[in-house]
1. For region 85-110, give me each residue that is open to solvent by 10 Å² or more (accessible area, probe 1.4 Å) and of a type in the set (A, V, I, L, M, F, W, C).
2. Being in contact with a Ser or Thr (Cβ under 7 Å, 6 or more places away or on another chain) and modelled with pLDDT under 95 is true for just one of Gly205, Gly237. Which residue is that?
3. Mind checking which pairs have a first residue in region 385-398 that is closer than 20 Å to Glu346 by Cβ and a second that is in a helix (DSSP H, G or I) and open to solvent by 70 Å² or more (accessible area, probe 1.4 Å), Cβ under 8 Å, 6 or more apart or different chains?
4. If Lys58 satisfies all but one of (1) in contact (Cβ under 8 Å) with a residue 12 or more places away in the chain; (2) farther than 25 Å from Lys166 by Cα; (3) in a helix (DSSP H, G or I); (4) among the basic types (Lys, Arg), what's the number of the condition it fails?
5. What do you reckon, is Thr30 part of a strand (DSSP E or B), more than 24 Å from Gly173 (Cα to Cα), open to solvent by 10 Å² or more (accessible area, probe 1.4 Å) and of a type outside the set (A, V, I, L, M)?
6. Select from region 346-382 the residues that are of a type in the set (A, V, I, L, M, F, W, C) and touching a helix residue (DSSP H, G or I) at 6+ places or on another chain (Cβ under 9 Å) and list them in ascending order.
7. Going through Gly257, Gly310, Gly317, Gly280 one at a time, which residue ends up being touching a residue at least 12 places away in the same chain (Cβ under 8 Å), crowded, with 18+ Cβ neighbours inside 10 Å and at positive phi?
8. If you go through region 85-93 one residue at a time, do you hit one that is under 15 Å from Leu219 (Cα atoms), out of contact with any Lys or Arg (no Cβ under 7 Å at 6 or more places or on another chain) and of a type outside the set (A, V, I, L, M, F, W, C)?
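The values are calculated or read from the model by the stated rules, or taken from the named source; none is laboratory data. None of these values were measured; they are calculated from a predicted model. Using ideal geometry, Cβ is built from the backbone for each residue, glycine included, and neighbour counts are taken over all protein chains shown. Only protein heavy atoms, including side chains, enter the accessible area calculation; ligands, DNA and RNA are left aside. Shrake-Rupley method; radii C 1.70, N 1.55, O 1.52, S 1.80 Å.
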Amino acid sequence: MRTELKEGVALTVIPTKQFKTTRITINLITALTATKLAKRLLLGALLECGCQKYPDQKAIADELARMYGAGFEISSVRRGNLHFLSVSFDCVNDEFLAEKEDLLQAGFSFLQEILFRPLVSQKPAAFVAEFARQKRNVVDYAGATQDNKQLYADLSLQKLLFDDEKQALPSFGNYQELLKITASQLSSSYQECLNKDRIEIIVSGDVKEERCRQLAQQLPFAARNLRKEEIFYVQEGHALRKKEEKQKVTQGKLNLGFSLPVFFADPLYFTVLVFEGLFGGLPLSKLFVNVREKAQLAYYASSSYDSFRGVMTVRTGLDPKNKEQALAIIEAQLKDVQAGRVTQQEIEDTKKSLINEYLSGLDSQANVMQRVLIAILTGRTLSTTSWITGIQNVTLAQIQAAAKMTKLQAVYFLDKE
């Protein structure tokens with residue numbers, strides 16, 4: 001059940017006896033902009049490393065150990081037009097402890113210390129020192145993308161595929177802007193997150209809703225006026241874009257970007273899931289079997305579908321001399337699906353794999369909570385029954401229709417020097 005605690009601040013409780021743990025996640029959500037990417041990534045790293053009460057990672061680790069090995073993490077993620085800074089705490093359920101202790105309250109108190117009493121407030125020197133260290137780590141990571149050739153190819157395709165800068169940029173934002181961020185700017189960004197972001201608090205476990213509400217209300221979030229933000233990023237199709245680069249690589253990288261304008265829980269959503277799994281998203285897909293196994297043209301070949309941006313990407317690693325032949329076979333796989341040259345066995349195997357993958361995800365408390373959050377933000381709820389039925393009901397004709405909607409928009413090739 002979801003309850004609005006204040007304007008812009010809401011709590012959702014998922015009472016369940018399925019898990020032996022209790023998990024609390026505070027999601028700070030905002031409209032994605034190019035300038036926010038680097039700051040929010042850096043802010044998450046900084047908050048994870050200490051606060052006034054627990055000034056370093058050792059102090060945090062000691063407190064988590066005291067709470068019977070509790071867990072704590074901060075993630076910085078974008079989905080479509082939104083950015084999420086998510087702060088999570090998980091612990092064993094009280095009933096499994098030899099001596100009763102209110103770990104739910106302890107968890108809320110711990111997260112309050114992390115979020116509302118950071119080093120910046122009363123320990124500016126410690127904050128500046130930690131800021132410098134974390135900024136160096138993020139800058140080093142951003143700089144290292146040049147050495148990770150598959151990641152470099154992925155980011156290069158992203159720049160080629162998207163018109164909008166905030167979609168084209170990597171998760172760490174613009175590298176040059178990252179270098180310019182100061183401790184003062186990050187402190188301002190922190191205040192903006194705390195006071196202006198949409199707040200979605202989610203609790204899962206064998207818990208009482210009223211107790212969760214009482215504890216969540218103690219978090220000193222102020223009410224905030226929110227503008228409705230659309231999570232889905234919709235891009236108009238454009239002419240095919242191509243780019244080739246030569247670097248010192250041992251393996252060529254051929255990445256393709258397709259427009260596939262179907263979004264989460266759209267009427268054709270399940271059809272696209274089956275199509276993409278059949279085409280390249282699963283281990284027995286056409287790309288894997290025909291490009292990698294039979295033709296032996298690539299060391300790997302797979303696809304992925306982004307249901308919040310309406311795109312499908314293909315990545316391959318290959319000997320550069322095989323580029324044109326591999327591209328032709330990839331295009332042939334898509335044409336085969338469009339023409340209905342798919343066996344019923346392939347379709348059934350794909351459906352079974354997708355359903356098994358979905359059911360396996362239900363064993364993860366974090367995954368279940370993510371699905372609830374997406375349902376809240378999209379207003380589209382998919383029950384387990386509706387999800388399985390949706391996959392099972394997909395027909396070959398529907399798969400063909402989804403394949404015909406798929407348009408090649410970008411081709412990036414990283415070649416040997």
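1. Hits for region 85-110 are Val92, Phe96, Leu97, Ala98, Leu104, Ala106.
2. On the way: Gly205 fails: modelled with pLDDT under 95.
Of Gly205, Gly237, the one residue that is in contact with a Ser or Thr (Cβ under 7 Å, 6 or more places away or on another chain) and modelled with pLDDT under 95 is Gly237.
3. Leu396/Gln344
4. All conditions pass for Lys58, except number (1).
5. On the way: part of a strand (DSSP E or B): yes; more than 24 Å from Gly173 (Cα to Cα): no; open to solvent by 10 Å² or more (accessible area, probe 1.4 Å): yes; of a type outside the set (A, V, I, L, M): yes.
Here the answer is no, as Thr30 does not meet what is asked.
6. Quick first cut of region 346-382, residues of a type in the set (A, V, I, L, M, F, W, C) only: 347, 354-355, 359, 362, 366, 368-369, 372-377, 382.
Within region 346-382, Ile347, Leu354, Ile355, Leu359, Leu362, Val368, Leu382 qualify.
7. Numbers: Gly257 fails: at positive phi; Gly317 fails: at positive phi; Gly280 fails: at positive phi.
On inspection, the qualifying residue turns out to be Gly310.
8. No; the residues of region 85-93 include none that is under 15 Å from Leu219 (Cα atoms), out of contact with any Lys or Arg (no Cβ under 7 Å at 6 or more places or on another chain) and of a type outside the set (A, V, I, L, M, F, W, C).
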